[in-house]
Amino acid sequence: MQHILQSTLMIKSAAEISGYLKHGDYAVAVRRTLDLCLDSGIDALIERAIKWSRTYHEFEKASAQKKFPINFIEEAESILQEVSKTDTGRGQQNLNLISADKISKKYRNGSFSLKPIDLEISTGHVLGVVGENGNGKTTLLRCLAGQLGLNNGVIKYHLLGKPDAYAIKNHIAFIPQRIPKWYGMLKDNLHFSAAIAGINGDKNNLMVNFMLERLNLSSFAHLTWDQISSGYRTRFEIARILLQKPRLLILDEPLANLDINAQQTILTDLIFMAKGAHNPMGIILSSQQLHEVEKVADEVIFIKHGKCLYKSNDSEGKITSNAVEFETKAQRESIISLFGEENIELQFNGGFYTIVSSALSSQQIIAKMIGAGIELTYLRDITYSTKRLF
């Protein structure tokens, strides 16, 4: 039954990628094809996908036109047909990774303390930790990674028989915002990292080439740390960590060094890999980029002054009002006149307006403004967003 389920999922994923190719979404098709071939566990398919991906990047750089040659599409469809025949892939059972029970941390010097907090994470689960700087996000992540001792509470590492410091370090990968410098050629560091994880010989070359291509790093592989930007340093660090196949990946402000186009790409790429069959893992990430995190996270927690004030999975049923954030050149008075002061609360922060209402749904608020011809240059439903807590 499990083999049938996995095969069905592979076929479904291949069909989705065919749809991307049909509509010209080549970048996402390439990344998803690489993932699917990795999940198949068949080295020959992985090698074909890498070669095909390289063709894509070479053509993209050399040609301004967006229409790719027919043999590019034919090779893609051939790869997808082959991978659809495999009986391995997604459908992996979620495993509990860690549980934190009322953990807290107080520093000897200074008045800051992390107040008691509970959380759980399993494979395939993505937890976003948001809040302003200096409010405890990094402290929480370092406690979960075993880098800081607790004052109170217990962390259970469910897959570890004896969770000593060495076992925790091999079980959990922690990527700080300021990544320590590598020395030597970047590709050599990746080969070394894979070897430490027990990946040797031809498999070592295959997996390093896969990670380079998957994170679009192949053209930078022979450079050194000082020759690349901070954003690409983050990508190389992610590649290095993924080669070690951690069960839990913790990232502290991973979006800080990435440009706006790379932020969502990296996040969605990590989520696809976390939920894949090659190495299903949990992900915890902290960020101030609320919109990007909320789009990909299964659960979001908000920390302020060291205290967890909000958990999305616990709070959605308690929301009693709806909120829409928008930008317009219309006057405040015209908006109030449209809705009536008794139906809404209108806030303005100098850039955006926010309408909060318990009488109207978000869709009703939006429809009413559009119907009245109010010109909107930005619009977002923030009813369940942590944006309301800032």
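The values are calculated or read from the model by the stated rules, or taken from the named source; none is laboratory data. Here the structure is a predicted model, which means the values were calculated and not measured. When we count neighbours, we look across all protein chains shown, and the Cβ atoms used for this are built from the backbone with ideal geometry, even at glycine.
Any residue in segment 356-371 that is exposed (fewer than 11 other Cβ atoms within 10 Å of the Cβ) and either among the aromatic types (Phe, Trp, Tyr) or modelled with pLDDT under 95 (or both)?
Initial filter on segment 356-371 (exposed (fewer than 11 other Cβ atoms within 10 Å of the Cβ)): 371.
Next, from what is left, pick out any that are either among the aromatic types (Phe, Trp, Tyr) or modelled with pLDDT under 95 (or both): none.
No, segment 356-371 contains no residue that is exposed (fewer than 11 other Cβ atoms within 10 Å of the Cβ) and either among the aromatic types (Phe, Trp, Tyr) or modelled with pLDDT under 95 (or both).
Pairs are defined by a Cβ separation below 6 Å, a sequence spacing of at least 6 or placement on different chains, a first member in segment 162-178 that is under 23 Å from Ala239 (Cβ atoms), and a second member that is among the acidic types (Asp, Glu); the pairs so defined are Ile175/Glu237; Pro176/Asp252; Gln177/Asp252; Gln177/Glu253. Filtered by the rule that a residue be buried (at least 20 other Cβ atoms within 10 Å of the Cβ) and either more than 16 Å from the chain's Cα centre (by Cα) or part of a strand (DSSP E or B) (or both), segment 210-232 gives Phe210, Met211, Leu212, Glu213, Leu217, Tyr232. Residue count for segment 283-301, restricted to those that are assigned to a strand (DSSP E or B) and under 21 Å from Ser13 (Cβ atoms): 1.
Do we have any residue at all in segment 339-357 that's in a helix (DSSP H, G or I) and more than 26 Å from Lys295 (Cα to Cα)?
Initially, segment 339-357 is screened for residues in a helix (DSSP H, G or I), giving 339.
Retained after the next criterion (residues that are more than 26 Å from Lys295 (Cα to Cα)): 339.
Yes, the conditions are met somewhere in segment 339-357.
Selection within segment 305-323: residues that are in contact with a Leu (Cβ under 7 Å, 6 or more places away or on another chain) and not in a loop (DSSP other than H, G, I, E, B). The member of this set that is farthest from Asp118 (Cα to Cα) is Asn322.
All conditions but one from (1) modelled with pLDDT of 90 or more; (2) more than 15 Å from Gly131 (Cβ to Cβ) apply to Ile301; the one that does not is (2).
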